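Any read-out appearing in this document is the output of simple, stated calculations on the displayed coordinates, not a laboratory observation. Computed from a predicted model, the values in this text were never measured in an experiment. Cβ placement follows ideal geometry from the backbone for every residue including glycine, while neighbour counts extend to all protein chains displayed.
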Amino acid sequence: MKCSCNTSSVILHPSSPLIWLLFWLTCCARLSCPVGRSGLEGEEDEEAFGIEWIALDPARSSSAPSDWVASSPCGPPRVQHRGVDFGCLRSLSRSFPRDPEDVTLRFGLLNARSVASKTFLLNYLFTTRELDFMLLTETWLQAGESAPFSELLPPGCCYLNSPRTTGRGGGLATVFKESYICKHVLTDSFSSFELHTFSLGLDTLIFCALVYRPPKFNKDFIKEFTDFLTGLALNHDKFLIVGDFNIHVCCESKPLAKDFLNLIDSFNLIQSVSGSMRKDTPWT
């Protein structure tokens with residue numbers, strides 16, 4: 001028996017095992033009911049194998065189709081795409097980007113005048129007012145002193161601390177819920193006011209600054225605060241400034257209040273606090 005393949009030929013003996021293998025495969029092909037075969041020619045082949053081919057894309061039915069449904073009495077229909085059986089694949093759910101929504105945060109500012117003596121009171125204030133952030137001035141904590149925060153922190157909260165490096169008093173700190181991503185940011189120091197800065201990660205990064213200016217007059221405050229605002233506006237798109245400035249903004253005729261208000265207006269800053277922070281005097 002001679003079987004030609006392209007330009008070469010192979011001579012097979014009648015008793016060769018390959019002859020029986022080819023005979024067995026031919027019988028199986030006639031008796032079985034193949035599913036997923038494409039490219040059959042003529043109606044006789046389709047009726048002999050019991051397969052009906054239906055194009056899924058009518059627009060491409062005139063050309064060589066790549067998507068077919070094989071309908072067979074041997075089993076349910078299967079979708080074929082270039083030899084791939086999509087019947088064994090699981091569809092995945094899609095997620096769509098949500099429209100950005102406004103985020104409301106509750107901030108509280110307090111001149112503590114010794115955090116160590118008011119830990120339980122500050123804890124109660126943070127919890128009952130349902131605050132997200134509590135900003136503290138005059139913590140009166142020394143460098144490396146962190147024991148008071150173990151009593152002050154409500155469950156699920158963290159803190160950032162910036163104690164005064166020289167002298168007594170002063171010190172700034174932030175208590176916040178741990179669900180917010182906050183990182184301490186190092187900046188230049190100033191002689192006329194204390195500064196505590198950190199970044200708040202929301203949809204966009206927000207630079208936050210906590211400022212404390214001591215009541216004693218300092219001629220360099222306006223200049224140094226101007227330098228601070230200039231660097232802030234150049235390096236950050238969004239920022240928030242919170243602080244205790246000890247300035248009588250109600251008395252616009254006074255030089256310090258007048259210069260301070262003009263400085264805020266020149267940087268187009270918005271004053272969120274409209275009332276007095278103290279009952280006895282309208283300071284800011």
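Using the Cβ atoms and a cut-off under 14 Å, what net charge is assigned to the surroundings of LEU232, where Lys and Arg are +1 and Asp and Glu are -1?
Details: positive: LYS238; negative: ASP188, GLU224, ASP227, ASP237.
Summing Lys and Arg as +1 and Asp and Glu as -1 gives -3.
Please sort by residue number the GluC sites (Glu not before Pro) in region 157-249 whose DSSP state is loop and whose Cβ has at most 14 other Cβ atoms within 10 Å. The partial results should precede the final answer.
Working: sites: GLU178, GLU194, GLU224; in loops: GLU178.
Those that pass, being in a loop and sparsely packed, are GLU178.
For region 107-266, what Kirkwood radius comes out of the mean inverse Cα-Cα distance, in Å?
16.6 Å
Provide the packing ranking of 107-116, 231-240, i.e. peptides ordered by the mean count of other C-beta atoms within 10 Å per residue, highest first.
Details: 107-116: 16.9, 231-240: 12.7.
Final packing ranking: 107-116, 231-240.
Starting from the 7 Å offset along Cα-to-Cβ, what nm value, one decimal, do you get for the label separation of THR187 and PHE217?
Spacing of the two 7 Å Cα→Cβ label points: 2.6 nm.
Could you give the nm distance between label points at ARG106 and GLU145, where each point is 7 Å from its Cα heading toward the beta carbon?
Simple spin-label model gives 3.0 nm for this pair.
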